[in-house]
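All of the numbers you see were taken from the coordinates with simple rules; none came from a lab. Remember, predicted model here, so these are calculated numbers, not experimental data. Please note: Cβ atoms are built from the backbone with ideal geometry, for glycine as well, and neighbour counts cover all protein chains shown.
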Amino acid sequence: MAAVEFQNVGISFGNVPVVKDLSLTVNDGEFVVLVGPSGCGKSTILRSIAGLAGISSGDMRIGGKRMNDADPAARDIAMVFQSYALFPNMTVAGNLGFGLKIRGEGKAEIDRKVADVAAVVGLSDHLHKRPGALSGGQRQRVALARAILRRPGVFLFDEPLSNLDAEFRTAMRAEIVRFHRTQGASMVYVTHDQTEAMTMGDRIAVLAPLAAGHKANLMQYGTPDEVYHRPANLFVARFIGTPRMNVVTLPVKGGAVRFGGQQLALPPSAVRLGNVILGQRPEHLRLSQEGAEPGLVGTVEHIENLGHEMILTFSTAIGQMVLRDARSGSGPMLGQTVRLSLDPNQVHLFDPASEQRLD
C-alpha cells in the first residue's frame, strides 16, 4: 500500500481554478473521504491522483514519488466508478479476468484469482451472468472485485454508491468498510453524502467551492468526531450534521450574549467582538421546563415524527430553530408556544468576519 500526499496543489481548467492550495496526506492504509457540495473539487482531486486531471501547481506524491506528470498506468491505483464501467457483453467472470488477461496471466491462474475474489465479495454464484442480469448492488460488487484483483497501492472510489437505493447503499457501505479492514488498503473515497463520510472514513476532508468566494477548497481535515464536534469554521458547521446546526448572530454585551432570557458568558476570544455567530446542534437544544430556566420563545411550526425521535422546527424572534427530541413521552403540539434554551456546554462560536471557530 502507499501514502498519497498533496503539497500546495492547484488544479485549473483553462484559466478557471478548481482546486487551490490543497495540502493533505492520506497515510498508508488510511481510509479518507472527500466530501462537499457540487463544484467543490472533490472528483477533480480524485482524478488528479489517477492521472486523469493535470496538476497546475504544487506536488502530488504516491508512495513518496512525485506523480504530477506520471502516466496513469504507472501510478499503482485502481478506481471504482459511479457508473460501474463494466463490459455488458462479458460475464462477471469475464469482466473480472479481463485485466489479468491483458497483463498476460495464464487461464488457470486467472480462474483461481477470479474465484477467490468472487468469494470475498459474494459473487461466486453469479460468475456466469452478464451485468444486465445483476442488481445494482451486485454490479457494484463486480466493480469492487475488479479493483481488488488489480492489487494497487491506492484504491479510488468516485461516488460508487450514488446509483443504489437506500437499502443497498447501507449494505455496500458496510462491505467497503469491512474490505478496508481486511485489506489494510489506502483508500480515497469521494461522496456528497455526509452520512457516508461520517460512517466510513478514518478521516474526512470537507471541501468548499472556490466559486462561493473561498480562498481554498479544504475547510477542515480530521476524524468524524473532530469535524462534527469541533467544526473549524462556519462552512463545516453548517455542512456536517442532519438536521443542520442552528446558527444565529447575536450582539455581544457585557462579555455575554442573550438567547431570549438566557444569558451566556463568552470566552476572551469572543468578548472583543461586537457580534458573534453562535451555533448549537439540534440534539443539544432543549425545551425549557415550565417555570424553570429562562430561554427563547418559539412556536412549533413543523413536526417530523421519525418514530425513535421527533424533529421540531420553531419560529422565533431571531430566526428558525430546529430541535431533535429523542425523549419518550409526548412533546409540544403544532402551533404551541414554548421556551427553548441552549446547552452552554455544547455551544459553538464563530467570528462573523472570518467565519472561523472561536475557542
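Restricting the calculation to alpha carbons of the chain gives Rg and Dmax of 24.5, 80 angstrom.
Net length available on complete extension from Leu24 to Lys101 is 24.1 nm, with 0.36 nm assigned per residue and the Cα-Cα distance removed. Ile148 sits among other residues whose Cβ lies under 13 Å from its own Cβ, and their net charge, with Lys and Arg +1 and Asp and Glu -1, is +4.
For segment 161-202, the residues whose amide N sits under 18 Å from a probe point set 7 Å from the Cα of Leu52 along the beta carbon direction are 161-164, 187-193. Measuring max minus min along each principal axis, the C-alpha atoms of segment 246-358 give extents of 43, 28, 22 Å (largest first). Compute log10 of I(q)/I(0) for segment 100-211 with the Debye formula, placing one identical point scatterer on every Cα and leaving out solvent, at q = 0.14, 0.23 Å⁻¹, to two decimals. One equal scatterer on each Cα of segment 100-211 leads to -0.64, -1.44.
Mind ordering 268-276, 335-343 by average Cβ neighbours within 10 Å, highest first?
335-343, 268-276
Sparsely packed loop sites in segment 242-325 (the GluC sites (Glu not before Pro) outside DSSP H, G, I, E and B with at most 11 other Cβ atoms within 10 Å) comprise Glu290.
Value of Rg to Rh for segment 95-152, rounded to two decimals, is 0.95; Kirkwood radius and Rg both from alpha-carbon coordinates.
Highest mean packing first, where packing is the average number of other Cβ atoms within 10 Å per residue, the peptides 105-111, 77-83, 352-358 line up as 77-83, 352-358, 105-111. For Arg272 and Ala216, a Förster radius of 30 Å and the Cβ-Cβ distance give a FRET efficiency of 0.70, rounded to the nearest 0.05. Kirkwood analysis of segment 17-66, using all unique Cα-Cα pairs, places the hydrodynamic radius at 12.0 Å. Debye calculation, C-alpha points only, no solvent: report log10 I(q)/I(0) for segment 242-308 at q = 0.23, 0.25, 0.26 Å⁻¹, in the same order as the q values. Scattering profile of segment 242-308, log10 relative to I(0): -1.14, -1.24, -1.28.
Between Asp59 and Glu309, the contour length at 0.36 nm per residue exceeds the alpha carbon distance by 85.2 nm.
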